[in-house]
Structure formats: C-alpha cells, structure tokens
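**Student:** Starting off with a structure, shown below.
The values are calculated or read from the model by the stated rules, or taken from the named source; none is laboratory data. Only a predicted model underlies this, so the values are computations on that prediction, with no experimental measurement involved. Heads up, the Cβs are rebuilt from the backbone with ideal geometry, glycines too, and the neighbour counts pull from every protein chain shown.
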Amino acid sequence: MNEISPKEVSVLHGRITRELNKIIVGQEQIVRLLLACLFARGHCLLIGVPGLAKTLIVRTLSEILQLSFKRIQFTPDLMPGDIIGSEILQERERRLEHEYQPGPIFAHLVLADEINRTPPKTQAALLEAMQERKVTIGGQSRALPDPFLVVATQNPIEQEGTYPLPEAQVDRFMLKLKIVYPSREEERQILDLMARTSVTAAASDTA
C-alpha cells in the first residue's frame, strides 16, 4: 500500500464514513477505529453477541474500497489448511506433482467470524499471516495481498462452545473493540432502512 498524507487520510476517511453510514446505523466509534486500524496496517478484534452487523460492516467496507473480501466461519472442526490452503498431488504427464491450493486467507480483508469457536491449534494458523503478512506451506513462503487486514469477531466467552484466545493470538490485534446493542432510536432507523431497501428491491424486480 502506498503511503498517503494526513490530509489525504482525512479526506478518504470522510468519504468512506459517508458511504458506510448509508448502510450501517450507529456504531460510529467502531467504524472510526476500524478505519484507523486499516490505515495503520493493523488487525482488529470485534467482541459482541451475534446479530450486531459485524459481518455487514466489514463486507461493506471492502465494497467501498473495492478490496477483495473473504469470510471464514470458524467452527470446532475447522483445520489450519482450511484457512491458509494446502498442497495436493496432481498428475501431469504421468508424473505426480504437488500443487498449492490457496486458502481464503488470500484476500485484502479477511473476516475471521467467531474465531473463538475453534480450538487454539486452528486459531494459530493466522499467527504468521497477521505478523509477517505471508504464509509458509511446504517450506515455501507466499506473500499475502497488500493491504491485508484481519477482522476477527469473538463471541462472549461465557457462551457455550467457545475457547479462550491464546495470548500470542491476542497480541496480533492492534485493537479490541466491543460492539454494543443499538439504542431504541437506532433500532427505529434500522427498521426504516430495511423498509426502504425492501421497497427499492421490489421496484427493481418489477421494472
């Protein structure tokens, strides 16, 4: 990513925020700090119960910036190869060759959804990627896209089926942000936005 001046950052921040506000209701501080994390080339951990638009915020940000986006749903049976990719044997001209199949980690914005629903061994697959911005498979290093931002969502640890994040994993995040439930007024705005979106979609379908 090329360096930009503070003035350019301010202008870009304003444009991105205005576009996000067309989709996201409230969460101004979360959006501001998430953008700061992106500009500072860091990673972000979002903590909150499901259903608070965490995925929508990250996906919308990628669309506004025209960056590639991948979502990884962390589950108890997820394996490291499901994240960073793996080598498979392919037959070519009667010879067996190793061929690398990239995983979803190869994107500008990666959403590690419910990261603490998978054991620490699988969580560790992100360590090198977040620190070195590369992955190593079969002794060969492969660079990740630039910019590269991991946004992980974490369910409250008291929920069933969650694992604590190892200290080494937590250290890779620049910011840890807690998303709170919207206020009553923000709920009204969300309902109004959903109603307008439904009307617009229905009009497009009948056009």
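**Student:** Check off (1) more than 23 Å from residue 133 (Cα to Cα); (2) among the polar types (S, T, N, Q); (3) assigned to a strand (DSSP E or B) for residue 86 and give me the number that stays unchecked.
**Tutor:** (1)
**Student:** Return yes or no: is residue 69 touching a residue at least 12 places away in the same chain (Cβ under 8 Å), touching an Asp or Glu at 6+ places or on another chain (Cβ under 9 Å) and either loosely packed, with under 13 Cβ neighbours inside 10 Å or of a type outside the set (S, T, N, Q) (or both)?
**Tutor:** yes
**Student:** Taking residue 63, is it at negative phi and acidic (Asp, Glu)?
**Tutor:** yes
**Student:** A further question on this structure: Given the criterion at pLDDT 85 or above and among the hydrophobic types (A, V, I, L, M, F, W, C), identify the matching residue among 89, 78, 96. Walk me through how you get there before you give the answer.
**Tutor:** Values: 89 fails: at pLDDT 85 or above; 96 fails: at pLDDT 85 or above.
None of the other options fit; the residue is 78.
**Student:** Please work out which one of (1) on the phi > 0 side of the Ramachandran plot; (2) loosely packed, with under 12 Cβ neighbours inside 10 Å is the condition residue 90 fails and give its number.
**Tutor:** (1)
**Student:** Quick check on residue 64: is it part of a helix (DSSP H, G or I), in contact (Cβ under 8 Å) with a residue 24 or more places away in the chain, under 17 Å from the mean Cα position of the chain (by Cα) and more than 24 Å from residue 172 (Cα to Cα)?
**Tutor:** On the way: part of a helix (DSSP H, G or I): yes; in contact (Cβ under 8 Å) with a residue 24 or more places away in the chain: yes; under 17 Å from the mean Cα position of the chain (by Cα): yes; more than 24 Å from residue 172 (Cα to Cα): yes.
Here the answer is yes, as residue 64 does meet what is asked.
**Student:** Which ranges mark the strands (runs of 3 or more DSSP E) fully within segment 93-185 that have 1 or more residues being surrounded by 16 or more Cβ atoms within 10 Å (Cβ to Cβ) and either out of contact with any Pro (no Cβ under 8 Å at 6 or more places or on another chain) or without any contact (Cβ under 8 Å) to a residue 40 or more places away in the chain (or both)?
**Tutor:** Output list reads 109-113, 134-137, 149-154, 175-178.
**Student:** Return the total of residues in segment 167-185 being more than 12 Å from residue 46 (Cβ to Cβ) and either in contact with a helix residue (DSSP H, G or I) (Cβ under 8 Å, 6 or more places away or on another chain) or β-branched (Val, Ile, Thr) (or both).
**Tutor:** Step one: filter segment 167-185 for residues more than 12 Å from residue 46 (Cβ to Cβ), giving 167-172, 174, 181-185.
The next check asks that each one be either in contact with a helix residue (DSSP H, G or I) (Cβ under 8 Å, 6 or more places away or on another chain) or β-branched (Val, Ile, Thr) (or both); those that pass are 168-170, 172, 174, 182.
The total comes to 6.
**Student:** Testing residue 145 on (1) modelled with pLDDT under 90; (2) touching a His at 6+ places or on another chain (Cβ under 8 Å), one condition comes back false. Which one is that?
**Tutor:** Every listed condition holds for residue 145 apart from (1).
**Student:** Out of (1) more than 20 Å from the chain's Cα centre (by Cα); (2) closer than 17 Å to residue 176 by Cβ, the odd one out for residue 90 is which?
**Tutor:** (2) is the only condition that residue 90 fails.
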